[in-house]
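A short write-up of the structure that comes next.
The values are calculated or read from the model by the stated rules, or taken from the named source; none is laboratory data. The structure displayed is predicted, hence computed values, not measured ones. Neighbour counts are summed over all protein chains in view; Cβ atoms, including those assigned to glycine, are modelled from backbone coordinates with ideal geometry.
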């Protein structure tokens, strides 16, 4: 008998249809992967099982969990089920824990809420749960607070909370999306191990085919609130039927056509750059500590080239980016753009600065929501001595918007009227406004769905061919770097540990860290796309 | 935590020193010679000089500042120009009315605001929420002196439950004094409670939509448990800030209410002292109020750290 059985579940939130006739089941010990893009209803399916839906939500159909008919249970009965029979792990570990209570309290709470045991016993069992998620006592005592832990460690605490009572079902909603590749691989291993040890069923929700493909026994693909395809993994990847599934698979392995030839003439040259930060003094008269975020980094970026910079969070790649953009002064070495320093006399060199632009990761946070698109895309004009006005300005706006696949009329809209992918197009249009030679793409496609990501990658390839642009492509996502760059640099702890032609680095990594990164990156099975 | 407390104490001391200098200089710059004011327009120059000497107005700027601060540290606030009584005594008497009144009003305000704000937030959009929002809107809008007069008409004149004003003194008995402070305290508390309830509600709504509240619900906590155990303490930071600001205001800002109820409090004292150019009294009362504000801020900052471990661990 199935542990979880969802039958023809439909969900409306304030009369908007979110799910239509979703059916799926999870057996004990089975991992079912639910895949879809944002808005496909995969998370709402999970929240329906938990009955933690937004106000105004109405479910029809049937959900049965270990014999309980979820949709007919009262809120009080649901509270007894949550945490006890079903545990849940969320996407964003940085905010999923209460910042003002220590981890021991938070894990023990799961036990105290469901069982009438003394606090000391609950804490002892919380300790066991934390040990099981590989947070040993000597380094992670119960009295640690969330802000003292990294993202991966916090996610382990959330998992400990979810499994403390050994529930029969574990729901993981994009549990590794916010984490680095190596951390992601560790968390996925941990979840798989716990499922196997406890014989739990697991509903694993992700937008990333490769993440789910590695671990799931069964795959369910959702689109617009409906299940479009299902089947056992990995066999399903060799035999996808529905056009949406096929396009999803194609998008996640999509390699844009790139036809640019780089010339052997360094556009950007970084020489022995050192960037240090001073820490606050620990004691009143002690010398302040110093952190070396970037330690003697050197590389060249050739004109017309697309150069990748790969590394995990904290490796110094963002610091390096800020230095290249002339936003911060470096403590050693030099950064030259076409032979001119990017930083002169304690401030950015405007002549150089106007020849490069940047596109950031977050398509939601990087625009002022109160300005219209025309004003937003004109922001780089402040770098020009004589910015175009009137008709020339309108023409520049229209040209930039058209070249990223939007229409000139879009300039009258506000940013909230656009989807994430469209916003990233606007960010690229903004970068193109002053016709730069180099665009720095700082995790520019990391927050996008696979299909949108494929379109943006195509757009970038097309723009570089048309305008002879060079890219510095910074990402933690190896699969993206592999398809869009000619050469790549691997950065670790402030140093470049490996560099070379992208295909060569991926096919024959020399440095152990590069090998570790490549091994950790989730892969689609070889059968994928054979059909 | 110790380090945090010490740095706060240091900044407290610096604030006090800066404030004393500013207050002293401001009073120096103000036009108006207290000696001339006391003796009238027809006073002789040598008489004026003698009085200035007596009042300690003739030394250098630095000497006068040092003697003012030194005096205050030893509890000697000087002698009032108009009443010829020690300022410390005058302030002491008034403080015994203003301080209890401020505490009373703050207690009322908190007792009303917390349940109202929490109730409204936990039932967002319901009739309860709409009512609380409506009533607090009125509470912010109604001038408190008008509300005070209304209460005097209803509870003192018509119902005769309370006296219409005045203060019998603490010697007359604790409850009698408290009773005479009740109407003023309610009048002071009304707008404060309204503001505080609205801040409590919005802070709580913010924290209720945080991810960790959802995590708590996924553990099996009911809505009410999640609110009490996880959202409430996180919502306290903005609320504590407002409480700190309100206390400082209540201590000094009761001037209109003190006038409505004929209470001889600090507000009335400073008002009279300003009209009489009794600068030594003005100086001392302002310094005392600054001291109160700085101390309250210190207490609020310590409270932040007790609520939030992230502050405790930072320096």
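Taken over the range A:430-454, the residue count meeting the criterion of being part of a helix (DSSP H, G or I) and buried (at least 20 other Cβ atoms within 10 Å of the Cβ) is 7. In contact (Cβ under 8 Å) with a residue 40 or more places away in the chain and either in contact with a helix residue (DSSP H, G or I) (Cβ under 6 Å, 6 or more places away or on another chain) or at negative phi (or both), is that true of residue B:150? No: the conditions fail for residue B:150. Among the residues in the range A:121-134, are any within 9 Å of chain B (Cβ to nearest Cβ), surrounded by fewer than 17 Cβ atoms within 10 Å (Cβ to Cβ) and in a loop (DSSP other than H, G, I, E, B)? Within the range A:121-134 (the criterion being within 9 Å of chain B (Cβ to nearest Cβ), surrounded by fewer than 17 Cβ atoms within 10 Å (Cβ to Cβ) and in a loop (DSSP other than H, G, I, E, B)), the answer is no, since none of the residues qualifies.
Determine, yes or no, whether residue A:147 is more than 25 Å from residue B:224 (Cα to Cα), at pLDDT below 95 and at the interface with chain B (Cβ under 9 Å from one of its Cβ atoms). Considered against the rule, which asks whether it is more than 25 Å from residue B:224 (Cα to Cα), at pLDDT below 95 and at the interface with chain B (Cβ under 9 Å from one of its Cβ atoms), residue A:147 comes out as yes. Taking the criterion of being at pLDDT below 90 and crowded, with 24+ Cβ neighbours inside 10 Å, the only residue of the range A:27-39 that qualifies is A:36.
Scanning the range B:12-44 for residues that are in a loop (DSSP other than H, G, I, E, B) and either in contact with a strand residue (DSSP E or B) (Cβ under 6 Å, 6 or more places away or on another chain) or over 28 Å from residue B:296 (Cβ atoms) (or both) yields B:31, B:32, B:33, B:40, B:41, B:42, B:43, B:44. One residue stands out among those in the range A:264-283 that are exposed (fewer than 12 other Cβ atoms within 10 Å of the Cβ) and in a loop (DSSP other than H, G, I, E, B): the one that is modelled with the highest pLDDT, which is A:265. Might you let me know whether the range A:142-151 holds any residue that is buried (at least 18 other Cβ atoms within 10 Å of the Cβ) and either without any contact (Cβ under 8 Å) to a residue 40 or more places away in the chain or touching a strand residue (DSSP E or B) at 6+ places or on another chain (Cβ under 9 Å) (or both)? For the range A:142-151, residues buried (at least 18 other Cβ atoms within 10 Å of the Cβ) and either without any contact (Cβ under 8 Å) to a residue 40 or more places away in the chain or touching a strand residue (DSSP E or B) at 6+ places or on another chain (Cβ under 9 Å) (or both): absent.
Close Cβ contacts (under 6 Å, 6 or more residues apart or on different chains) running from residues in the range A:317-334 that are on the phi > 0 side of the Ramachandran plot to residues that are buried (at least 16 other Cβ atoms within 10 Å of the Cβ) and in a loop (DSSP other than H, G, I, E, B) comprise A:326/A:342. Tell me which residues, restricted to the range A:174-184, are surrounded by fewer than 22 Cβ atoms within 10 Å (Cβ to Cβ) and touching a strand residue (DSSP E or B) at 6+ places or on another chain (Cβ under 8 Å). Answer for the range A:174-184, where residues must be surrounded by fewer than 22 Cβ atoms within 10 Å (Cβ to Cβ) and touching a strand residue (DSSP E or B) at 6+ places or on another chain (Cβ under 8 Å): A:174, A:177. Tell me which of these residue A:53 doesn't satisfy, since it passes every other one: (1) more than 14 Å from chain B (Cβ to nearest Cβ); (2) surrounded by fewer than 21 Cβ atoms within 10 Å (Cβ to Cβ). Condition not satisfied by residue A:53: (1).
Among the residues making up the range A:370-384, those that are in contact (Cβ under 8 Å) with a residue 24 or more places away in the chain and either assigned to a helix (DSSP H, G or I) or more than 31 Å from the chain's Cα centre (by Cα) (or both) are A:373, A:374, A:376, A:377, A:379, A:380, A:381, A:383, A:384.
If you go through the range A:163-183 and keep only what is in a helix (DSSP H, G or I) and at pLDDT 90 or above, you end up with just A:163. Based on what the data block shows, is residue A:210 outside any strand (DSSP E or B), at pLDDT below 90, assigned by the TED database to the domain that holds residue A:83 and within 19 Å of residue A:478 (Cα to Cα)? Against the criterion (outside any strand (DSSP E or B), at pLDDT below 90, assigned by the TED database to the domain that holds residue A:83 and within 19 Å of residue A:478 (Cα to Cα)), residue A:210 qualifies.
For every residue, the table says whether it meets (1) within 14 Å of chain B (Cβ to nearest Cβ); (2) within 23 Å of the chain's Cα centre (by Cα); (3) surrounded by fewer than 23 Cβ atoms within 10 Å (Cβ to Cβ).
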position: A:186; (1), (2), (3): no, yes, yes
position: A:200; (1), (2), (3): no, no, no
position: A:217; (1), (2), (3): no, no, yes
position: A:223; (1), (2), (3): no, yes, yes
position: A:235; (1), (2), (3): no, no, yes
position: A:255; (1), (2), (3): no, yes, yes
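Within the range A:95-111, being within 7 Å of chain B (Cβ to nearest Cβ), crowded, with 18+ Cβ neighbours inside 10 Å and not in a helix (DSSP H, G or I) holds for A:96, A:97, A:98, A:100. Return a yes/no flag: does the range A:74-94 have any residue that is away from every other protein chain (no Cβ under 14 Å), out of contact with any helix residue (DSSP H, G or I) (no Cβ under 6 Å at 6 or more places or on another chain) and assigned to a helix (DSSP H, G or I). Among the residues of the range A:74-94, not one is away from every other protein chain (no Cβ under 14 Å), out of contact with any helix residue (DSSP H, G or I) (no Cβ under 6 Å at 6 or more places or on another chain) and assigned to a helix (DSSP H, G or I), which makes the answer no.
Within the set B:184, B:168, the sole residue that is buried (at least 20 other Cβ atoms within 10 Å of the Cβ), within 23 Å of residue B:252 (Cα to Cα) and touching a helix residue (DSSP H, G or I) at 6+ places or on another chain (Cβ under 8 Å) turns out to be B:184.
Going residue by residue through the range A:91-111, is there one that turns out to be within 25 Å of residue B:209 (Cβ to Cβ), modelled with pLDDT under 90 and touching a strand residue (DSSP E or B) at 6+ places or on another chain (Cβ under 9 Å)? Checked against the condition, which is being within 25 Å of residue B:209 (Cβ to Cβ), modelled with pLDDT under 90 and touching a strand residue (DSSP E or B) at 6+ places or on another chain (Cβ under 9 Å), the range A:91-111 yields at least one hit. Quickly run through the range A:213-226 and pick out the residues that are over 19 Å from residue A:522 (Cα atoms) and not in a strand (DSSP E or B). A:224, A:225 - these are the residues of the range A:213-226 that are over 19 Å from residue A:522 (Cα atoms) and not in a strand (DSSP E or B). The residues listed here are B:222, B:202; of these, the one that is farther than 30 Å from residue B:17 by Cα, in contact with a helix residue (DSSP H, G or I) (Cβ under 7 Å, 6 or more places away or on another chain) and surrounded by fewer than 18 Cβ atoms within 10 Å (Cβ to Cβ) is B:222. What do you reckon, is residue B:108 modelled with pLDDT of 90 or more, surrounded by 15 or more Cβ atoms within 10 Å (Cβ to Cβ) and out of contact with any helix residue (DSSP H, G or I) (no Cβ under 7 Å at 6 or more places or on another chain)? The answer is no for residue B:108. The listed residues are B:284, B:275, and the only one of them that is over 30 Å from residue A:113 (Cβ atoms) and surrounded by fewer than 19 Cβ atoms within 10 Å (Cβ to Cβ) turns out to be B:275.
Scanning the range A:227-247 for residues that are over 29 Å from residue A:196 (Cα atoms) and not in a loop (DSSP other than H, G, I, E, B) yields A:243, A:244, A:246, A:247. Listed here are the helices (runs of 4 or more DSSP H) enclosed by the range B:208-294 that have at least 3 residues being within 14 Å of another protein chain (Cβ to nearest Cβ): B:211-218, B:223-226, B:232-252. Residues in the range B:139-165 that are farther than 16 Å from residue B:255 by Cα and not in a helix (DSSP H, G or I): B:142, B:159, B:160, B:161, B:162, B:163, B:164. Kindly indicate whether residue A:10 is surrounded by fewer than 23 Cβ atoms within 10 Å (Cβ to Cβ), touching a residue at least 60 places away in the same chain (Cβ under 8 Å) and more than 11 Å from every other protein chain (Cβ to nearest Cβ). Answer is no for this residue.
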